[in-house]
Amino acid sequence: MLLLIILFGLDFGRVFLGWVELNNVAREAADYAAQNPGAWNTNTPDAAAQAEYRRLVTADASGINCSLPSPIPAPSFPDGSNGAHPIGELVSAQFTCKFQLITPIISNIVGTNGLLSVSASAAFPVTYGTIQGIPVGTAVPTSTPSPSPSVNPSASPSPSPSPSAVPSCIVPTLTGLQTNKAQAPWTAAGFSTSVIFSPLAPPQYNIGSQTTAAGTSELCTSTISVSK
């Protein structure tokens with residue numbers, strides 16, 4: 001009986017530690033997919049990025065004493081977008097791993113053929129791609145350099161130009177919006193930074209507060225954080 005108790009603790013200790021590692025694998029996978037969402041576009045998939053995704057998952061799970069499904073499951077986009085994935089859209093990664101239990105009696109009770117299935121998942125917002133509601137430019141304006149003036153030794157030096165004013169933007173109202181729709185008004189107001197979400201990777205939620213009050217004037221390079 002004492003030996004069975006020890007083996008029971010050993011088995012489920014292995015499973016718990018493996019579940020913790022499997023959650024880390026899911027977070028790494030979801031983070032990679034959030035930074036490379038275009039790799040899974042239906043029309044223009046990126047085979048190299050998908051292969052790197054599978055390599056990262058396999059390498060991170062190599063220290064877990066369990067069997068991952070083959071092939072490695074691709075990440076999913078709950079918002080259902082099959083084309084360009086806008087910034088803020090959630091991407092999730094989920095994995096189910098089968099642990100081999102070593103205690104005979106326990107393996108017959110809780111597992112099938114001694115195998116116990118454990119699942120873990122994680123979700124991250126897309127951090128690279130188009131911004132929902134903002135058109136994508138197709139041409140980059142070019143400038144024609146003006147001819148350099150000839151040097152005149154007798155000419156007096158021209159005065160130094162006065163420093164230009166730093167542009168400022170008006171903070172929009174982000175409270176009440178969903179997280180995947182927060183970046184569009186922030187960019188439309190002229191800000192060049194990304195909205196920071198707290199918590200970073202929740203299920204999609206309505207924004208309840210923002211760190212900078214709406215209507216205030218801030219530098220266009222300023223950042224803003226939002227939370228529930």
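The values are calculated or read from the model by the stated rules, or taken from the named source; none is laboratory data. For clarity, every value in this text was computed on a predicted model and none was experimentally measured. Cβ atoms come from the backbone with ideal geometry, glycine included; neighbour counts cover every protein chain shown. Each accessible area value is taken on the protein alone, full model and side chains, heavy atoms only, with ligands, DNA and RNA left out. Shrake-Rupley method; radii C 1.70, N 1.55, O 1.52, S 1.80 Å.
What number comes out for the charge environment of PRO71, summing +1 per Lys or Arg and -1 per Asp or Glu over other residues with Cβ under 15 Å away? Kindly include the intermediate steps, with their values, before the conclusion.
Details: positive: ARG54, ARG55; negative: GLU52.
Counting the neighbours of PRO71, the net charge comes to +1.
What number, in percent, do you get for the relative contact order of segment 1-95 if the mean sequence gap of Cα pairs under 8 Å and at least 6 apart is divided by its residue count?
Values: 77 pairs, mean separation 31.3, N = 95.
Here the relative contact order equals 33 percent.
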Ranking by accessible area, most exposed first, for LEU68, LEU90 with a 1.4 Å probe:
LEU68, LEU90
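Going by the alpha-carbon gyration tensor, a ≥ b ≥ c the square roots of its eigenvalues, is segment 1-96 rounded (a/c under 1.5) or, if a/c is not under 1.5, prolate (a/b greater than b/c) versus oblate? List each step's numbers first, then the result.
Values: a/c = 3.61, a/b = 2.66, b/c = 1.36.
Judged from the Cα gyration tensor, segment 1-96 comes out prolate (a/c at least 1.5, a/b above b/c).
What's the magnitude of the charge dipole for segment 2-91 around its Cα centre, counting Lys and Arg as +1 and Asp and Glu as -1 at the beta-carbon? Answer in Debye, nearest 20. Could you put the intermediate results ahead of the total?
Values: 4 positive and 9 negative charges, 44 e Å.
I would put it at about 220 debye.
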Near ASP60, within a Cβ-to-Cβ distance under 15 Å, what is the net charge of the other residues, with Lys and Arg +1 and Asp and Glu -1?
-1
